[in-house]
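Structure record follows, encoded as C-alpha coordinates.
The values are calculated or read from the model by the stated rules, or taken from the named source; none is laboratory data. As the structure is a prediction and not an experimental result, all values here were calculated from the model. Here the Cβ positions follow ideal geometry from the backbone for every residue, glycine too, while neighbour counts run over all protein chains shown. Only protein heavy atoms, including side chains, enter the accessible area calculation; ligands, DNA and RNA are left aside. Shrake-Rupley method; radii C 1.70, N 1.55, O 1.52, S 1.80 Å.
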Amino acid sequence: MYVIFRCDCGRVLYAKKGVATRKCTCGKTIKVKSRRILKKVETARDASEAVQQMQEEIHGGTMFRTAQEVKDSSLQSKLNKMY
(Lines give C-alpha, C1' and ligand atoms only; values in the text may rest on other atoms or scores of the structure.)
Protein backbone atom coordinates (compact mmCIF):
# COMPACT_ATOMS: atom_id res chain seq x y z
CA MET A 1 0.00 0.00 0.00
CA TYR A 2 1.24 3.48 -0.91
CA VAL A 3 0.00 6.86 0.33
CA ILE A 4 -0.06 10.07 -1.68
CA PHE A 5 0.33 13.48 -0.04
CA ARG A 6 1.59 17.01 -0.74
CA CYS A 7 4.69 18.87 0.40
CA ASP A 8 4.48 22.49 1.59
CA CYS A 9 6.03 23.52 -1.74
CA GLY A 10 2.99 22.07 -3.57
CA ARG A 11 4.61 18.98 -5.06
CA VAL A 12 2.62 15.74 -4.83
CA LEU A 13 4.62 12.82 -3.41
CA TYR A 14 4.08 9.19 -2.52
CA ALA A 15 5.59 6.88 0.06
CA LYS A 16 5.14 3.29 1.10
CA LYS A 17 2.70 2.98 3.99
CA GLY A 18 4.60 2.82 7.28
CA VAL A 19 7.55 4.94 6.16
CA ALA A 20 8.29 7.66 8.74
CA THR A 21 9.78 10.37 6.51
CA ARG A 22 10.09 11.30 2.85
CA LYS A 23 12.38 13.90 1.33
CA CYS A 24 10.92 16.23 -1.30
CA THR A 25 12.91 17.52 -4.26
CA CYS A 26 12.65 21.00 -2.70
CA GLY A 27 14.89 19.73 0.11
CA LYS A 28 12.34 19.49 2.91
CA THR A 29 12.10 16.30 4.94
CA ILE A 30 8.45 15.49 5.55
CA LYS A 31 6.96 13.39 8.36
CA VAL A 32 4.48 11.26 6.46
CA LYS A 33 2.24 10.59 9.50
CA SER A 34 1.58 14.31 9.98
CA ARG A 35 0.40 14.82 6.38
CA ARG A 36 -3.15 14.63 5.10
CA ILE A 37 -3.38 11.58 2.86
CA LEU A 38 -4.89 12.49 -0.51
CA LYS A 39 -5.13 8.98 -1.87
CA LYS A 40 -4.15 5.37 -1.17
CA VAL A 41 -3.12 2.92 -3.90
CA GLU A 42 -1.86 -0.65 -3.95
CA THR A 43 1.26 -0.59 -6.16
CA ALA A 44 4.18 1.73 -6.77
CA ARG A 45 3.18 1.96 -10.43
CA ASP A 46 -0.33 3.11 -9.48
CA ALA A 47 1.19 5.63 -7.07
CA SER A 48 3.49 7.01 -9.74
CA GLU A 49 0.63 7.38 -12.22
CA ALA A 50 -1.61 9.03 -9.61
CA VAL A 51 1.13 11.52 -8.69
CA GLN A 52 1.70 12.39 -12.35
CA GLN A 53 -2.00 12.93 -12.89
CA MET A 54 -2.36 15.10 -9.77
CA GLN A 55 0.71 17.16 -10.67
CA GLU A 56 -0.72 17.77 -14.13
CA GLU A 57 -4.05 18.89 -12.67
CA ILE A 58 -2.36 21.26 -10.23
CA HIS A 59 0.54 22.65 -12.26
CA GLY A 60 -0.32 21.95 -15.88
CA GLY A 61 1.73 19.61 -18.07
CA THR A 62 4.24 17.19 -16.62
CA MET A 63 6.40 16.90 -19.69
CA PHE A 64 10.10 17.44 -19.13
CA ARG A 65 12.15 19.51 -21.56
CA THR A 66 15.85 19.37 -22.31
CA ALA A 67 18.11 22.29 -21.46
CA GLN A 68 18.41 23.06 -25.17
CA GLU A 69 14.63 23.26 -25.56
CA VAL A 70 14.39 25.66 -22.62
CA LYS A 71 17.21 27.77 -24.03
CA ASP A 72 15.62 27.85 -27.50
CA SER A 73 12.16 28.76 -26.17
CA SER A 74 13.69 31.45 -23.95
CA LEU A 75 15.56 32.94 -26.90
CA GLN A 76 12.44 32.73 -29.07
CA SER A 77 10.31 34.54 -26.48
CA LYS A 78 12.92 37.30 -26.20
CA LEU A 79 12.93 37.74 -29.98
CA ASN A 80 9.13 37.86 -30.04
CA LYS A 81 9.10 40.63 -27.43
CA MET A 82 11.62 42.68 -29.42
CA TYR A 83 9.68 42.53 -32.70
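Indicate the gyration tensor shape class of region 1-62 (rounded, prolate or oblate), computed on the Cα atoms with a ≥ b ≥ c the square roots of the eigenvalues: a/c under 1.5 is rounded; otherwise a/b larger than b/c is prolate and the rest oblate.
Oblate, because a/c is 1.5 or more while a/b does not exceed b/c.
Each residue of region 2-16 in order: what ³J(HN,Hα) in whole Hz does its phi give by Karplus 6.51 cos²θ - 1.76 cosθ + 1.60, θ = phi - 60°, with x for Gly and Pro?
10, 10, 10, 8, 10, 7, 5, 6, x, 6, 8, 10, 9, 8, 5
Under a 1.4 Å probe, what is the accessible area of region 1-40 per residue, stated in Å²?
Details: 2710 Å² over 40 residues.
Per-residue value: 68 Å².
Within the set of other residues whose C-beta is less than 10 Å from the C-beta of C24, count the net charge using Lys and Arg as +1 and Asp and Glu as -1.
Charge balance near C24 sits at +4.
Report the label-to-label distance for K33 and E56 in nanometres (one decimal), using points 7 Å from each Cα along the Cα→Cβ vector.
So the two model labels end up 3.5 nm from each other.
Compute the FRET efficiency between E49 and K17 as 1/(1 + (r/R0)^6), taking r as their Cβ-Cβ distance and R0 = 25 Å, and round to the nearest 0.05. Please list the in-between numbers first.
Numbers: r = 17 Å, r/R0 = 0.69.
The calculated FRET efficiency here is 0.90.
Which order do the peptides 20-26, 48-54 come out in when sorted by mean C-beta neighbours inside 10 angstrom, highest first? Present the calculation step by step, with values, prior to reporting the outcome.
On the way: 20-26: 12.4, 48-54: 15.6.
Final packing ranking: 48-54, 20-26.
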